[in-house]
Amino acid sequence: MSAVAIVLIVIVALIAALVLFGITGFNKLRKADIAAQEALGGIDVQLTRRADLIPNLVNTVKGYAAHESGVFEEVAKARGAVAQAAQNGTVEQKAAADQQLNGALGRLFAVAENYPDLKASQNFIQLQNELSDTENKLSFARQFYNDAVSRLNQLVQTVPWMFFGGIAGVKARDFYQAPEGQQAPPQVQF
């Protein structure tokens with residue numbers, strides 16, 4: 001074999017290795033981005049599930065506390081904001097709508113405290129349990145999203161993967177965070 005043939009084989013092997021490395025980097029970033037999108041979808045599912053439970057809860061409380069219309073209107077407005085944010089909102093809008101609904105639900109449960117028959121109602125207890133289960137799932141979905149975003153952001157901001165971000169159309173994402181001043185959960189007592 002001649003020296004030219006050996007050099008040609010080495011060059012082709014290097015080019016093949018670079019192409020393979022490029023494909024690997026591209027795919028790694030795209031997979032991480034898709035995982036973050038999927039995780040954000042999980043938050044949307046739980047926000048929607050929670051918003052769907054709210055009318056049943058409100059109607060149950062309405063039967064006992066019909067004169068508390070301001071609280072019901074606030075819950076309905078917050079529920080609408082969550083549904084809209086889950087459909088097409090940014091991460092920040094989802095977090096803000098989520099906090100608005102948390103506050104409205106806290107006030108709804110405070111109204112329920114004044115009605116012992118309501119607190120003992122099997123329907124109300126079941127709805128509270130479903131809502132609590134949804135809150136746990138929502139908390140898990142938020143953490144899962146933040147974990148996926150962390151993995152993606154680490155890739156996008158470290159060598160050598162950062163060089164493939166533009167080619168793959170992938171960039172760092174925002175974490176799911178509570179709006180400023182809303183880090184503490186609402187205090188609700190049953």
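The values are calculated or read from the model by the stated rules, or taken from the named source; none is laboratory data. All values reported here derive from a predicted model rather than from experimental measurement. Reconstructed Cβ throughout: ideal geometry from the backbone, glycine too, with neighbour counts over all protein chains shown. Calculation scope for accessible area: heavy atoms of the full protein, side chains included, ligands and nucleic acids excluded. Shrake-Rupley method; radii C 1.70, N 1.55, O 1.52, S 1.80 Å.
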Can you list the lysines whose alpha carbon is less than 21 Å from that of Lys94, not counting same-chain residues fewer than 8 positions off? Lys77, Lys137, Lys171
With charges only on Cβ, +1 for K and R and -1 for D and E, what is the dipole size of the stretch 44-134 about its Cα centre, in debye, rounded to 20? 80 debye
Can you compute the modelled spin-label distance between Asp133 and Lys119, with each label point 7 Å from Cα toward Cβ, in nm? 2.4 nm
Rounded if a/c is under 1.5, else prolate if a/b is larger than b/c, else oblate: which is the stretch 100-179, with a ≥ b ≥ c the root eigenvalues of its Cα gyration tensor? prolate
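So if I place +1 on the C-beta of Lys and Arg and -1 on the C-beta of Asp and Glu, and nothing else carries charge, what would the dipole magnitude of the chain be about its Cα centre? I want it in debye, nearest 20. Spell out each step's value before the answer.
Working: 16 positive and 17 negative charges, 126 e Å.
Value, rounded to 20: 600 debye.
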Just want the answer: with Cβ charges of +1 for Lys and Arg and -1 for Asp and Glu, which residue in Pro116, Asn146, Gln93 is farthest toward the dipole's positive end in the chain? Asn146
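Which shape class applies to the chain: rounded if a/c is under 1.5, otherwise prolate when a/b exceeds b/c and oblate if not, where a ≥ b ≥ c are the square roots of the Cα gyration tensor eigenvalues?
On the way: a/c = 4.53, a/b = 3.95, b/c = 1.15.
Here the chain falls in the prolate category.
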Positive-end extreme of charge dipole, the stretch 1-72 - chosen from Ala36, Ser2, Phe21 (charges on Cβ): Ser2
Residue-wise, which Karplus ³J(HN,Hα) couplings in Hz belong to the stretch 6-21, taking 6.51 cos²θ - 1.76 cosθ + 1.60, θ = phi - 60°, and x for glycine or proline? 5, 4, 5, 5, 5, 5, 5, 5, 5, 5, 4, 5, 5, 5, 4, 5
Could you give the accessible area per residue of the stretch 1-153, probe 1.4 Å, as a whole number in Å²? 54 Å²
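Of all the accessible heavy-atom surface of the chain, with the other protein chains kept in place and a 1.4 Å probe, what percent is carbon and sulfur? Could you put the intermediate results ahead of the total?
On the way: 6470 of 11100 Å².
Here it works out to 58 percent.
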For Phe175 and Phe21, extending 7 Å from Cα along the Cα-Cβ vector and measuring point to point gives, in nm, a value of 3.2 nm
